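Here the structure is laid out as C-alpha cells; the discussion comes afterwards.
The values are calculated or read from the model by the stated rules, or taken from the named source; none is laboratory data. From a predicted model like this one, the values you see are computed outputs, not experimental measurements. Here Cβ is always computed from backbone atoms with ideal geometry, including for glycine, and neighbour counts include all displayed protein chains.
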Amino acid sequence: MAVYWKYVKPYLYAFILGPLFMIVEVIGEVMMPKLLQMIIDNGIAEDGGDVGYIIMIGVIMVVTALLMMLGGVLGAWFAIKAAVNFAGDLRQDLFEKVQRFSFANIEKFQTGSLVTRLTNDVTNLQNAIAIALRMLLRAPGMFIGALIMAYMMKPDLALVITIVIPLLTVTLLIIMKNAFPRFNIMQKKIDRVNSVVQENVTNSRVVKSFVREEYEKEKFDVANTELKNNTLNAIKLVILTQPVMTIAMNITTIAVVWLGGNQILAGDMTIGELTTFTTYVVQILMSLMIVSFMMIMGSRALASSARIKEVLDTEIDLNDDEAVKKKEAGADMPQVTRGKVEFRNVCFKYYKKKNHNVLHNINFVIEPGEVVGIIGSTGSGKTSIVQLIPRLYDADSGEVFVDDVNVKDYLLDDLRNKVAMVLQNNVLFSGTIENNLRWGDEEASLEDIKRIAGYAQADGFISSFPEGYDTMINQGGVNVSGGQKQRMCIARALLKHPKILILDDSTSAVDTATEAIIRDNFLKEIPDTTRIIIAQRISSVIDADKIIVIDEGSIVGTGTHEELMQSCETYSEIYYSQVEKEEKAV
Ligand SMILES: Nc1ncnc2c1ncn2[C@@H]1O[C@H](COP(=O)(O)OP(=O)(O)OP(=O)(O)O)[C@@H](O)[C@H]1O
Ligand SMILES: [Mg+2]
C-alpha cells in the first residue's frame, strides 16, 4: 500500500471528508425508524394522539432527511474527487515509467497488456476507491448502529439476527476468496483482446493484402470468447451473493414478524416498535450486502492493483541513474563534441538467458567526421551493433565509447541528442509534416527546416503537396510513400544537428540517383558529422572512408572498397552477386 500513499497525500482531505460526510447520512438512517416509531405509536394511541407532537416529530424527520441528503451528496462528491484524482496521478506516473522502459522491459510486458494496465486496471482501482470511501464507514456504521438500536429495543428478538450474521459472513467470504483469482484471469483476457485489436488495427494494410481478415476475425473471436467466458465465470460467483442475501433477509424478516406479532398479541410490543425493528433488521442485512459488494469490487481492484504494481516496481534495466546522481552532485557531465566511436570487445545478446551471442567480440574505431559503411547479410547483426551507440540496448560485455567516454557515463538525453539514428523501420507520428520534423529541433525556424529537408531530398516533394509542410501525416505515416517517409525521417534526424548520424538501411526505398544526391549533400553540408551507413547495396557505401563487413555477428573485414575487394571474401562475394544482378537487369 505504501506505493499508493503518494497519490493519496495531495487529496488526503477528500479521502477523509468523503467518509465523514457519509457518517451524517448513516446517523440519519439509524434515527429515522426511531422517529417513525414515535409517530406511529403516538398517532394510534387510544386518545387519538397529540397532533402537535406528531407535527414536531415530522419536522425533525424532514430536517434529518435534508441533512442526510446534504451529507450524502457531499460525501459522494469528495469520494469521487479523491478517487478520480488518485487515478489521474497514478496513470500519469505509470505513463512516465513506461516511457523510461527499455525495449527489453516493454517486450516483457507486451504492448497490449501495458495499455490495459494504464487504462482498465487504473479505472478498476478508481471505482473501488470511490465505492470504498462512500461505504467504508457507512456500511459498518449502519450495521453497528442498527444492531445497537435493535438490541436496545428487544434483545430477545435481536438474537434472531445474531444467528444469521455469522452464517452469511462465512458464505460471503467463501465467495470472495474464489472471486479474486477469477478476476485476475479476466484482466489477462482483457490484455489479450487489446493486443489483438492493436496489432490488427496498426497493421491493417498487411492484414488486407494477405487477405487474412478471416483468420484475424477468428483470432479475435477466440480472445473475445475467452474474455466473455471468464467474465461470466467471475460474475457468476458474484451474482451468487444476491440470492444468498435475499433468502437470508426474507427468512429473518419472517422470523422477526412472526415472533414480534406474538409479542404484540401478548401486549409486550407496540406496532410502531415492530415496524421500526423490522427496518433495523433490513438495515443490518443491507449493510452486510454492501460489504459483500465492496469485497467484490475490492477483489477485482486487488487483482488490478497487483498488475499496476508490477509496472511501478519494474526495474528499468537501462538507465542513467549513475550519471544523474553525478550531475546532481555538481559534476561536469561529458558531452559529445567530436563524434568518435569505439567498440572494445563488445558481446551482445537479446535473450540474456541463452548462450548464443548475437554479436561476438566487436572491435573498431571510427574517427570524428569519418563516413563508415556497414555491410552484411540479413540477420548478421548490423542493426544490433549500431543500436548500442545511442544505448537503445546495452552491451553484455565489453565497452562502447563515444568521444572516448563510455556511453554509460553520459546522461541519456545528452548522448541521444548528439547521436541521431534513423531506424530501419522508422515511423512518423500523426500530425503535420512540420511537427514531425520538429522532433529533431523544437526551436528550428521554418527556413531551417526547409533547408535541412532539402539536404535529405525531402523539400521538393513536401513543397509540392498542396498544403506543403502543413500536410497532415496519418498515424504511422501511411499516407506518404516509403521513400518519402525515409527522407523525412532522415531530415528529422538531421535537424538534431547530431555529431554522429546513423542511417540504418534508411535509403533502401529511395532510388540510387536520389540516394547519391543525399550522400553528396551530406559531404557538402555536414562534413564534420560522423556518418555510419548501413546498407544492402554496396553502391551506397562504396565511397566510404571505411567499410565494416559483418557476418554472423562478427567483423570479418574492415577497409576501403578496394582493400576489401582484395582481402575480404565475404565482401567480394556480396559485390559480385550485386554486380551480376545488375548486369542481368540491364
Ligand atoms: N528485438 C530482438 N529480439 C530478439 N532477437 C532479435 C531482436 N532483433 C534482432 N534479433 C536477432 O538478432 C540477430 C541480428 O539481427 P539484426 O537486426 O542486428 O540484423 P541485421 O544485420 O540488421 O539484419 P537486416 O539486414 O535484416 O536488418 C538476428 O538473428 C535477429 O533474429
Ligand atoms: Mg537491420
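Taking every residue in region 328-339 that is on the phi < 0 side of the Ramachandran plot and pairing it with any residue that is assigned to a loop (DSSP other than H, G, I, E, B) and basic (Lys, Arg), at least 6 positions away or on another chain, the pairs with Cβ-Cβ distances below 8 Å are 336/499; 337/499; 338/499.
Scanning region 415-426 for residues that are away from ligand 1 (no atom under 16 Å from the Cβ) and either among the aliphatic types (A, V, I, L, M) or surrounded by fewer than 18 Cβ atoms within 10 Å (Cβ to Cβ) (or both) yields 415, 419, 420.
Yes/no per residue for (1) touching a helix residue (DSSP H, G or I) at 6+ places or on another chain (Cβ under 8 Å); (2) in a helix (DSSP H, G or I); (3) at pLDDT 90 or above:
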site	(1), (2), (3)
215	no, yes, no
222	no, yes, yes
225	no, yes, yes
235	no, yes, no
253	yes, yes, no
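On the given criteria, is residue 374 assigned by TED's automatic domain parsing to the domain that holds residue 346, over 18 Å from residue 102 (Cβ atoms), within 16 Å of ligand 2 (Cβ to nearest atom) and among the β-branched types (Val, Ile, Thr)? Show your work before the answer.
Numbers: assigned by TED's automatic domain parsing to the domain that holds residue 346: yes; over 18 Å from residue 102 (Cβ atoms): yes; within 16 Å of ligand 2 (Cβ to nearest atom): yes; among the β-branched types (Val, Ile, Thr): yes.
So residue 374 fits the description; yes.
Among the candidates 234, 255, the residue that is surrounded by 13 or more Cβ atoms within 10 Å (Cβ to Cβ), in contact with a Lys or Arg (Cβ under 6 Å, 6 or more places away or on another chain) and of a type in the set (Gly, Ala, Ser) is uniquely 234. Among the residues that make up region 505-527, is at least one of them closer than 18 Å to residue 575 by Cβ, touching a strand residue (DSSP E or B) at 6+ places or on another chain (Cβ under 9 Å), within 16 Å of ligand 2 (Cβ to nearest atom) and of a type in the set (Ser, Thr, Tyr)? No: zero hits. Residues of region 207-221 being surrounded by 13 or more Cβ atoms within 10 Å (Cβ to Cβ) and hydrophobic (A, V, I, L, M, F, W, C), which ones? If the condition is that a residue be surrounded by 13 or more Cβ atoms within 10 Å (Cβ to Cβ) and hydrophobic (A, V, I, L, M, F, W, C), then 207, 220 are the ones that fit. Taking residues in region 377-388 that are aromatic (Phe, Trp, Tyr), and partners anywhere that are modelled with pLDDT of 95 or more, not one pair has Cβ atoms closer than 8 Å while being at least 6 places apart or on different chains.
Looking at 572, 539, 567, which one is modelled with pLDDT under 90, of a type in the set (Gly, Ala, Ser) and more than 16 Å from ligand 2 (Cβ to nearest atom)? It would help to see each step written out before you state the result.
Details: 572 fails: modelled with pLDDT under 90; 567 fails: modelled with pLDDT under 90.
Sole residue among the options that is modelled with pLDDT under 90, of a type in the set (Gly, Ala, Ser) and more than 16 Å from ligand 2 (Cβ to nearest atom): 539.
Residues in region 540-556 that are touching a helix residue (DSSP H, G or I) at 6+ places or on another chain (Cβ under 6 Å) and either part of a loop (DSSP other than H, G, I, E, B) or on the phi > 0 side of the Ramachandran plot (or both): 542 alone. Across region 515-559, the number of residues qualifying as within 16 Å of ligand 1 (Cβ to nearest atom) and charged (D, E, K, R) comes to 3.
So, residue 490, is that one modelled with pLDDT of 90 or more and surrounded by 22 or more Cβ atoms within 10 Å (Cβ to Cβ) or not? So residue 490 fits the description; yes.
For residues in region 334-381 being among the hydrophobic types (A, V, I, L, M, F, W, C) and part of a loop (DSSP other than H, G, I, E, B), which is surrounded by the most Cβ atoms within 10 Å (Cβ to Cβ)? Please lay out each step first, then the result.
Residues of region 334-381 that are among the hydrophobic types (A, V, I, L, M, F, W, C), as a first pass: 336, 341, 343, 346-348, 358-359, 362, 364-366, 371-372, 374-375.
Now narrow it down to the ones that are part of a loop (DSSP other than H, G, I, E, B): 336, 358.
Details: 336: 23, 358: 20.
Here the residue is 336.
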